[in-house]
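Undergrad: Quick one: the structure is below, and I'll ask about it shortly.
The values are calculated or read from the model by the stated rules, or taken from the named source; none is laboratory data. Note that this is a predicted model, so its numbers are computed, not measured. Positions of Cβ are generated from backbone atoms using ideal geometry, with glycine treated the same way; all protein chains shown enter the neighbour counts. Calculation scope for accessible area: heavy atoms of the full protein, side chains included, ligands and nucleic acids excluded. Shrake-Rupley method; radii C 1.70, N 1.55, O 1.52, S 1.80 Å.
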Amino acid sequence: PAGFVPVPIEQALSETDREWFGQWATHLLVPPAEAAAAAAESGLERPHMDPQLAHNANTYGDFLRRLHEAGMLRWKRTDQESKGCLGVFVVAKKNGSLRRVVDTRLANFSFKAPLSCELPSAHSMSRIEMPGTSGNFLAVGDIENAFYEIGIPPELSEYVSLPGIRAG
């Protein structure tokens, strides 16, 4: 929605996690030479961009304006044409609405592999037994559109940028 302001990620973290995230570059990034080598080895020259956005400056400019109005875009002035490391396109949902997809494949080469976690299988979840008066609770949660709800620091956004557009 227009005027929306994402919550800075630091405000959404516990004190311990905030301290860890304060050193995000150390924890998240691979050395630039390693990222460049992995990107070259992949053969991926640029992320996928919706043809309507890639080949029509007015359409792309309008798209960027709408992202800005929704609090999802940070502008940066550059002396050169920025190719960006993200692509964006849309796909139809089952209900006919459109889902925005961000192609992060090129950006991913700059980041370390994420930590893994083991989730229970459906079989193991179905075998949980809880006595009727034990006071145990089970809850499920989901943050709808979390990608758009949490703001990242300006330094981190350098690694997740859309292609530039000429101003004026």
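Undergrad: Is one or more of the residues making up the range 45-52 open to solvent by less than 80 Å² (accessible area, probe 1.4 Å), in a helix (DSSP H, G or I), touching a residue at least 40 places away in the same chain (Cβ under 8 Å) and of a type in the set (A, V, I, L, M)?
TA: No, every residue in the range 45-52 fails to be open to solvent by less than 80 Å² (accessible area, probe 1.4 Å), in a helix (DSSP H, G or I), touching a residue at least 40 places away in the same chain (Cβ under 8 Å) and of a type in the set (A, V, I, L, M).
Undergrad: Residue by residue through the range 5-31, note down the ones that are free of Cβ contacts under 8 Å to residues at least 24 places away in the same chain and open to solvent by 50 Å² or more (accessible area, probe 1.4 Å).
TA: Listed by number, the residues that qualify are Gln11, Ser14, Glu15, Thr16, Asp17, Arg18, Glu19, Trp20, Gly22, Gln23, Thr26, Pro31.
Undergrad: Another one. May I ask you to verify whether Gly71 is part of a helix (DSSP H, G or I), open to solvent by less than 70 Å² (accessible area, probe 1.4 Å), in contact (Cβ under 8 Å) with a residue 12 or more places away in the chain and over 18 Å from Lys112 (Cβ atoms)?
TA: For Gly71, the condition - part of a helix (DSSP H, G or I), open to solvent by less than 70 Å² (accessible area, probe 1.4 Å), in contact (Cβ under 8 Å) with a residue 12 or more places away in the chain and over 18 Å from Lys112 (Cβ atoms) - is not met.
Undergrad: Among the residues of the range 99-121 satisfying the criterion of being modelled with pLDDT of 90 or more and among the aliphatic types (A, V, I, L, M), which is surrounded by the fewest Cβ atoms within 10 Å (Cβ to Cβ)?
TA: This residue is Ala113.
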